[in-house]
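This report refers to the structure that appears directly beneath it.
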Amino acid sequence: MKDSDFLIIGGGCSGISLAVEIVAAGLENRGITILESHNHLFQSNKTWCFWNTQPHRFQSSISKRWKKWTIVHSGEIIRCSSNQYDYCHISSSRYIESAMKRLSSRAQVKIFSATRVEQIVEHQDHVIVSTNQGDFRGRYVFDSRPSFSLPDQEILTQQFMGHFLEFDGDCVEADSVTLMDFSDFDQSLVSFIYELPFDSRNTLVEATFFAKHHLDKKIFETAIEKAVRKRYGEANYRITSTEYGIIPMSADYAISQENKKRVLNIGLRAGMARSSTGYAFLNIQRSSAEIVNQLRNGSTELNPPTILSPTLKFLDRVFLDRLCQEPQWFAAAVTRLFKQVPTDSMVRFLSGSPNSSDIASVVGAMPNKTALLLGAFSHAGADIA
Ligand SMILES: Cc1cc2nc3c(=O)[nH]c(=O)nc-3n(C[C@H](O)[C@H](O)[C@H](O)COP(=O)(O)OP(=O)(O)OC[C@H]3O[C@@H](n4cnc5c(N)ncnc54)[C@H](O)[C@@H]3O)c2cc1C
């Protein structure tokens, strides 16, 4: 049986981030083992975008930054820009390259690919993890296996597909991101186009839908094709790669930590995707740092990191409840927020680190603000506690 202090299940974003954080804290001597079911880490290309509102360990992997972004709704273009915060992009290939530089030189870090975890049994002072390659023993286990699947669960999800396009000529304006273009908004299903322009020839055009049931990929293809033709006319392009994902828009899919002392869920499994936005990258970095603090302090019982304040959870819940009841309300509400709330406040709010005046600005731009203010302030006490 193979032994190590830290057993990490899943070599994806949260598993690798945690391993990097443990090494940065100098705790790797105790042994880190990563168990990944695929043959290679990050087989498919993924992009992670976020606003740089906080320091993290992958700063040098950022491949592109934008200072401007737009929202498009009902013929109106809301242009936002910030001198303080950039919208940043990291590709999974840059991410894994940077992580491997830090992990592969350490003899105490072992990565097992093609190793599918089948069972976890917690004992008094250790945990046994059974896989198709045999058993592993750890003092602590961090589990990032996906926790939900469609269509078994009736959960509102954000489903998206994006094509990376390469044009023959210089036709892409690369200085501004389209965060949400609701121009072809469907009344029954929330949908928008997201565009991440990398340079004058390369861009990512992505279609996003919010739905409770699994959507056919044809819907995404059609929406992307329409958006590309609208933006770039008959310009010639090739699809160089495609990304696809489903992210739950609810904290309820997260697996409960009850009665576990040495096994901690991480990543999406632990509810790290912000339910109202789907952004998870910064939450994963924050929670990795918080977990390592617990390990450094010698905790014998691991506690789930607290990432989102009760006020933000309350506001997200209100937002999602309304979205479920009235999908057509979403585009107008989001547009109003980007129009009325100062850009830096909006960025901190979306990134999960608003101050009280940011929250007041966001609530002030929403309909039913009195009820929201009362609710938000009743939760603010819990934020401070
Ligand atoms: C296409 C896409 C784009 C995204 N873009 C953004 C973005 O721009 N910004 C942002 O903030 N968030 C984004 N997200 C959300 C989030 O950041 C990512 O989903 C992130 O990868 C979640 O990390 P994770 O570790 O929870 O899951 P993953 O990165 O998926 O890692 C889980 C790992 O566990 C492995 N595994 C599964 N089962 C087993 C098993 N039984 N045994 C061993 N290993 C197993 C999987 O193979 C996988 O490698 C995006 C998500 C997707 C899908």
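The values are calculated or read from the model by the stated rules, or taken from the named source; none is laboratory data. Computed from a predicted structure; not experimentally measured. Positions of Cβ are backbone-derived with ideal geometry, glycine not excepted, and every protein chain shown enters the neighbour counts. Areas reflect the complete protein model, heavy atoms only, side chains present, ligands, DNA and RNA absent. Shrake-Rupley method; radii C 1.70, N 1.55, O 1.52, S 1.80 Å.
Is it the case that Arg229 is open to solvent by less than 80 Å² (accessible area, probe 1.4 Å), free of Cβ contacts under 8 Å to residues at least 24 places away in the same chain and of a type in the set (Lys, Arg)?
yes
I'd like to check something: does segment 59-74 contain any residue that is hydroxyl-bearing (Ser, Thr, Tyr), out of contact with any His (no Cβ under 8 Å at 6 or more places or on another chain) and in a strand (DSSP E or B)?
yes
Regarding segment 29-52, can at least one residue be identified that is in a loop (DSSP other than H, G, I, E, B) and more than 23 Å from the chain's Cα centre (by Cα)?
Within segment 29-52, one or more residues are in a loop (DSSP other than H, G, I, E, B) and more than 23 Å from the chain's Cα centre (by Cα).
Looking only at residues that are within 12 Å of the ligand (Cβ to nearest atom) and in contact (Cβ under 8 Å) with a residue 60 or more places away in the chain in segment 100-118, which one is most open to solvent (accessible area, probe 1.4 Å)?
Arg116
Which condition from (1) open to solvent by 60 Å² or more (accessible area, probe 1.4 Å); (2) within 6 Å of the ligand (Cβ to nearest atom); (3) farther than 30 Å from Val121 by Cα is the one that Ser60 breaks?
Exception for Ser60: condition (2).
What's the number of the only condition in (1) open to solvent by less than 20 Å² (accessible area, probe 1.4 Å); (2) within 14 Å of the ligand (Cβ to nearest atom) that Ser37 fails to meet?
The single condition Ser37 does not satisfy is (1).
Of the conditions (1) within 15 Å of the ligand (Cβ to nearest atom); (2) in a helix (DSSP H, G or I); (3) more than 22 Å from the chain's Cα centre (by Cα), Leu7 clears all except one; give me its number.
Leu7 satisfies all of (1) within 15 Å of the ligand (Cβ to nearest atom); (2) in a helix (DSSP H, G or I); (3) more than 22 Å from the chain's Cα centre (by Cα) except (2).
Taking Ser256, is it at pLDDT below 90 and buried (at least 17 other Cβ atoms within 10 Å of the Cβ)?
Criteria not met by Ser256.
Give Arg94, Arg79 a once-over and let me know the one that is in contact with a Lys or Arg (Cβ under 8 Å, 6 or more places away or on another chain), open to solvent by 70 Å² or more (accessible area, probe 1.4 Å) and not in a loop (DSSP other than H, G, I, E, B).
That would be Arg79, the only listed residue that is in contact with a Lys or Arg (Cβ under 8 Å, 6 or more places away or on another chain), open to solvent by 70 Å² or more (accessible area, probe 1.4 Å) and not in a loop (DSSP other than H, G, I, E, B).
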